[in-house]
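The values are calculated or read from the model by the stated rules, or taken from the named source; none is laboratory data. Keep in mind it's a predicted model, so treat the numbers as computed, not measured. With ideal geometry, Cβ positions are generated from the backbone for all residues, glycine too; neighbour counts draw on all protein chains shown.
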Amino acid sequence: MCQFVLFILTWITTFILALMIVPTIHESGHAAACVIQGGAVTHWQPLPFGTEADTGCSAGLTPFLCAAGSLTSIAAWLHCTHVFSRQGTRLGAGRLWNFAAALWFWWSFWVFGELFKDTLHAYSDVPLHHDAGYFVRLTGINPGAASITILAVIVILGVPLVRVASQTLRTEGFGG
Amino acid sequence: MTNETVKKLPALATGVGSGPLSLRLFTTLGVPVGGPAGDSVAPFAFWLASSSIAQVCAAGLFVGGSILWLAADWTKSRLGQQDDVPNERDREEARASA
């Protein structure tokens, strides 16, 4: 029973931790893009608790700035997945492994959830604070084409996701 | 899929279910998570915390996974206990060889 409670606590902790990590990386991507464009970051709110996660840039909104958040999220997730699949086994089969496996799972969960919402937000209007909606409006591309492109990215990223998840299930599992 | 992999799935289901349920708990306790018009994961987190479909699915995964996992654990420990207790035939064989 003690093991069960510890397992639940690990999954809840990593769930919230990933909910802090993923938007922080996303907003950092916007901030970096802002600096690359020669602007200054006017405000930076990475955590989605209480207030909305958001980054303000003095250089104004550009398609690059809008896309930078999700692109940074994808790059960070690919790096995290690579490290987890290569180095994860070194952690053994104890609590540290359970923590790392659950954190990787929730990290993937939030990144894929974010991308899936982006496919829907491609159709959203500008007053809503959605990157994909702004990107479509600024570039003038067809929202359907934007959605299909994001769905294609999800499918491509699904290959390493399924591979690493099945490898984890075959070896140490996700704890428990 | 091996037997060992099948045993790990209820644990995974329990863990997956615990996430959205904890998000709802945070919202109930007064910590708003995400928002429909937010950036990054905020809309997805908001949907997970507020959607009844998401919460029912999470509760189903959590309860179903927990029951299966604890049942598997209980069965495993019972079988382990039975293996530890030598049966009558084992004792007779031990006497004969002595």
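Quick notes on this one:
- Here the helices (runs of 4 or more DSSP H) wholly within segment B:40-98 that include at least 3 residues being of a type outside the set (Ser, Thr, Tyr) and either modelled with pLDDT of 75 or more or crowded, with 17+ Cβ neighbours inside 10 Å (or both) are B:42-50, B:52-84.
Condition check ((1) surrounded by fewer than 19 Cβ atoms within 10 Å (Cβ to Cβ); (2) within 20 Å of A:His130 (Cβ to Cβ); (3) out of contact with any Leu (no Cβ under 8 Å at 6 or more places or on another chain)) across all residues:
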residue: A:Phe7; (1), (2), (3): no, no, yes
residue: A:Met20; (1), (2), (3): yes, no, no
residue: A:Ala33; (1), (2), (3): no, yes, no
residue: A:Ile36; (1), (2), (3): yes, no, yes
residue: A:Trp44; (1), (2), (3): yes, yes, yes
residue: A:Pro63; (1), (2), (3): yes, yes, no
residue: A:Gly69; (1), (2), (3): no, yes, yes
residue: A:Thr72; (1), (2), (3): no, yes, yes
residue: A:Ala75; (1), (2), (3): yes, no, yes
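- Residues that are more than 21 Å from the chain's Cα centre (by Cα) and more than 20 Å from A:Glu114 (Cα to Cα) within segment B:28-71 comprise B:Thr28, B:Leu29, B:Gly30, B:Val31, listed in sequence order.
- Being touching a residue at least 12 places away in the same chain (Cβ under 8 Å), surrounded by fewer than 17 Cβ atoms within 10 Å (Cβ to Cβ) and either more than 30 Å from B:Val63 (Cα to Cα) or hydroxyl-bearing (Ser, Thr, Tyr) (or both) is a description that applies to A:Ala40.
- Count of segment B:17-39 residues which are part of a helix (DSSP H, G or I) and surrounded by 14 or more Cβ atoms within 10 Å (Cβ to Cβ): 10
- The single condition from (1) more than 19 Å from B:Ser22 (Cβ to Cβ); (2) touching a strand residue (DSSP E or B) at 6+ places or on another chain (Cβ under 9 Å) that A:Cys2 fails is (2).
- Any hit, segment A:162-173, residues being over 19 Å from A:Thr89 (Cβ atoms) and modelled with pLDDT of 85 or more: no
- Subset of segment A:29-66 that is part of a helix (DSSP H, G or I) and more than 14 Å from chain B (Cβ to nearest Cβ) - its residue that is nearest to A:Arg137 (Cα to Cα): A:Pro63
- For A:Gly50: the one exception among (1) at positive phi; (2) touching a Gly at 6+ places or on another chain (Cβ under 8 Å): (2)
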